[in-house]
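Only the coordinates and a few stated rules stand behind these numbers; no lab work does. What you see is a predicted model; the values in this text were computed from it and never measured. Don't worry about glycine lacking a Cβ; one is built from the backbone with ideal geometry, like all the others, and counts go over all protein chains shown.
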Amino acid sequence: MDSSFCCCCLASIGVLNMTKSNEPIWWSLFSAGGMIAAMVFPVLIIITGILVPFGLAGDDPLNFEKIHSAASHPFIKLILFVIISLPLFHWAHRFKYTLVDVGMKSASTLISIVCYGGAIAGTIITAIALFKI
């Protein structure tokens, strides 16, 4: 039996009530941003916070020419875009639900607009900045 037929039949008799929502989009961005924050940020912190200051990362790794030539490559731009933009959506989703949980449920729509709008604005600014490199 076709699954769409089952869903259709079950929905028509009132057993299955599926509402359309944009939540899966925000949840997927939230989870991707959380994965980046959990897996990539610690490595970046070790590199820029420990290895570079103690001189363990090679000869002058923060040289402007080296960084600019690396950041000019399209693949590196894509990686930087993902590393910067996805954690913004993770923050937005977590912050929204933190504010809702502490009692601001009445302003949930406004909070969503501000949080997700901030993440979208940060993503656009990141794209523009990386495009100009």
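Tabulated data for the structure shown
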item: Pairwise FRET efficiency - residue 25 versus residue 47, Cβ, R0 = 35 Å, nearest 0.05; result: 0.65
item: Estimated translational D of the chain in µm²/s (Stokes, Kirkwood radius over Cα pairs; 4 °C; 1.567 mPa s); result: 71 µm²/s
item: Using alpha-carbon coordinates, inclination of helix 108-132 to the longest axis of the chain, degrees; result: 40 degrees
item: By average C-beta atoms within 10 angstrom, highest first, the peptides 118-124, 86-92, 72-78, 29-35; result: 86-92, 29-35, 118-124, 72-78
item: Nearest-ten-degree value, helix 74-101 long axis tilted from longest Cα axis of the chain; result: 50 degrees
item: Whether the stretch 38-79 is rounded, prolate or oblate, judged on the alpha carbon gyration tensor where a/c under 1.5 counts as rounded; result: oblate
item: Charge dipole (the chain, unit charges on Cβ, about Cα centre) - positive-most of 120, 99, 44; result: 99
